[in-house]
Amino acid sequence: MKNKIIDIVAGARPNFMKVAALFAVAEKFPSLSLRLVHTGQHYDEAMSDVFFRDLGLPEPSCHLGVGSDSHAVQTAEIMKGYEAWINRSQPDICLVVGDVNSTLACSLVAAKFNIQVAHVEAGLRSFDRTMPEEINRVITDSISDFMFVTESSGLLNLAREGRPSSTIHLVGHVMIDTLLRRLPEAKARAFYSTFAFKAGKYAFVTLHRPSNVDNHKVLTEIVAQIVWLSNIIPVVFALHPRTKKQLQRAGLYSDLQSPPAIQLTEPLSYINALSLTMNAKVVVTDSGGLQEETSALGVPCLTLRDTTERPVTITEGTNTLISGDWELFRRSISQIKENRYLQNISAIPLWDGKAGERILRILEAG
């Protein structure tokens, strides 16, 4: 009997961390042939290629190289490229992760070819249709044959949307698999020392969402709060290319360059970012993945968003939604500094490093 061929689709930075967990255990499933399809949605070396080295990923079987553009153009280019790939080498299953344009584009193409679609991180909902990611999540789940869920809220959301229970599987989180696997390396690297920081004595900041960085008024307030924060605790701010561009356009970049307690850095490799995250006193972010990583690590996280599609990070993790409430932000920083913040953290079910094995076992049987 021939092996079952599974295209594993990745295109943006968070995808690589997640799919790495599948390739790491692939040898345990000899009846499955995994092929990495790299859409090139993130196209510079710092945002994608370095992850292959950090995460032990194989060379892509297919590289579409689509680059950046508007949502419509980028999605269309990925669909055209993936359709051509399928016509040359048809898979049995198309596995997509998360909620980026690559996820939606490849799942649509596969479904129209009657190829089974498997969605990792299914069922997550922010209930905010102004987020492009929410549209991608909802549509991908509506056409998926396998839905792999990271937390219990996903089960409730998919049931509410009428998805068949036989297609829904609570498996844990592949990103936590990768985190746990790479934790010793990140610990040994101690990347925070690059900035002359000490473990547990700095804040780690990341921002990239349009709702924060494309709105001049919101971005101005965020910069003011980061400057305030730097007077309380040193800050390392990893600048997404989009964020840096918008800061410069708004004339705010110099505001972050001036304070001596703020260290600005280019996008980081996975191991360096993990090293900074695990050793931070607090993480300030709008990233979905960092909400989860900090919860797994027990590091306080203040999320500069109004909603989250990952409610388990609030109910059982270390996350607080700030929602533009800067009094809450400052109060939380005070609690964190005094070690009074969220003292009763529990382990999140199935975030145990074995999600990748559960997923491949289900696909092997299915």
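The values are calculated or read from the model by the stated rules, or taken from the named source; none is laboratory data. This one's a predicted model, so the numbers in the text were calculated from it and none came from an experiment. All Cβ positions, glycine included, derive from the backbone under ideal geometry; neighbour counts span all protein chains shown.
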Quick count over region 98-152, residues being of a type outside the set (Lys, Arg), in contact with a helix residue (DSSP H, G or I) (Cβ under 9 Å, 6 or more places away or on another chain) and not in a helix (DSSP H, G or I), is 28
Checked region 77-91 for anything under 22 Å from Lys4 (Cβ atoms), in contact with a helix residue (DSSP H, G or I) (Cβ under 9 Å, 6 or more places away or on another chain) and not aromatic (Phe, Trp, Tyr); matches are Glu83, Ile86, Pro91
Selection from region 96-130 of residues more than 21 Å from Glu364 (Cβ to Cβ) and β-branched (Val, Ile, Thr) yields Val100, Thr103, Val109, Thr130
Looking across region 294-320 at residues that are assigned to a loop (DSSP other than H, G, I, E, B) and free of Cβ contacts under 8 Å to residues at least 40 places away in the same chain, the single one that is farthest from Glu134 (Cα to Cα) is Val299
Restricting region 276-293 to residues that are assigned to a helix (DSSP H, G or I) and under 14 Å from the mean Cα position of the chain (by Cα), the one nearest to Lys337 (Cα to Cα) turns out to be Thr277
With the first residue restricted to region 164-176 and required to be assigned by TED's automatic domain parsing to the domain that holds Val96, and the second required to be surrounded by fewer than 17 Cβ atoms within 10 Å (Cβ to Cβ) and part of a helix (DSSP H, G or I), Cβ contacts under 6 Å at 6 or more apart or on different chains are His169/Ile362
Looking across region 279-320 at residues that are of a type in the set (Val, Ile, Thr) and farther than 20 Å from Val218 by Cβ, the single one that is surrounded by the fewest Cβ atoms within 10 Å (Cβ to Cβ) is Thr315
Residue pairs within 7 Å by beta carbon, gap of at least six or interchain, first lying in region 7-19 and part of a loop (DSSP other than H, G, I, E, B), second polar (S, T, N, Q) and surrounded by 24 or more Cβ atoms within 10 Å (Cβ to Cβ), listed first then second, are Gly11/Thr39; Gly11/Gln41; Gly11/Ser102; Ala12/Gln41; Ala12/Ser102
Review point. Could you say whether any residue in region 73-87 is in a loop (DSSP other than H, G, I, E, B), out of contact with any His (no Cβ under 6 Å at 6 or more places or on another chain) and either crowded, with 24+ Cβ neighbours inside 10 Å or touching a residue at least 40 places away in the same chain (Cβ under 8 Å) (or both)?
Key: no
Taking region 321-355 and keeping residues among the small types (Gly, Ala, Ser), more than 24 Å from Ile222 (Cα to Cα) and assigned to a loop (DSSP other than H, G, I, E, B) leaves Ser346, Ala347, Gly353
Log entry, pairs with first residue in region 213-235 being of a type in the set (Gly, Ala, Ser), second being assigned to a loop (DSSP other than H, G, I, E, B), beta carbons closer than 6 Å, six or more apart or on different chains, reads Ser230/Pro259; Ser230/Ala261
Q) Given the structure, is Gln246 free of Cβ contacts under 8 Å to residues at least 60 places away in the same chain, in the same structural domain as Thr220 (by TED's automatic domain parsing), buried (at least 18 other Cβ atoms within 10 Å of the Cβ) and within 23 Å of Arg13 (Cα to Cα)? A) yes
When Val149 is run through (1) buried (at least 24 other Cβ atoms within 10 Å of the Cβ); (2) of a type outside the set (D, E, K, R); (3) in contact (Cβ under 8 Å) with a residue 60 or more places away in the chain, the failure sits at (3)
Filtering region 211-237 down to residues that are of a type outside the set (Lys, Arg) and over 27 Å from Glu338 (Cβ atoms) yields Ser211, Asn212, Val213, Asp214, Asn215, His216, Val218, Leu219, Thr220
Taking region 185-225 and keeping only residues that are closer than 23 Å to Tyr270 by Cα and aliphatic (A, V, I, L, M), one is left with Ala186, Ala188, Ala190, Ala196, Ala199, Ala203, Val205, Leu207, Val213
Of the candidates Ile271, Ile262, the one satisfying the condition of being surrounded by fewer than 23 Cβ atoms within 10 Å (Cβ to Cβ) and within 17 Å of the chain's Cα centre (by Cα) is Ile271
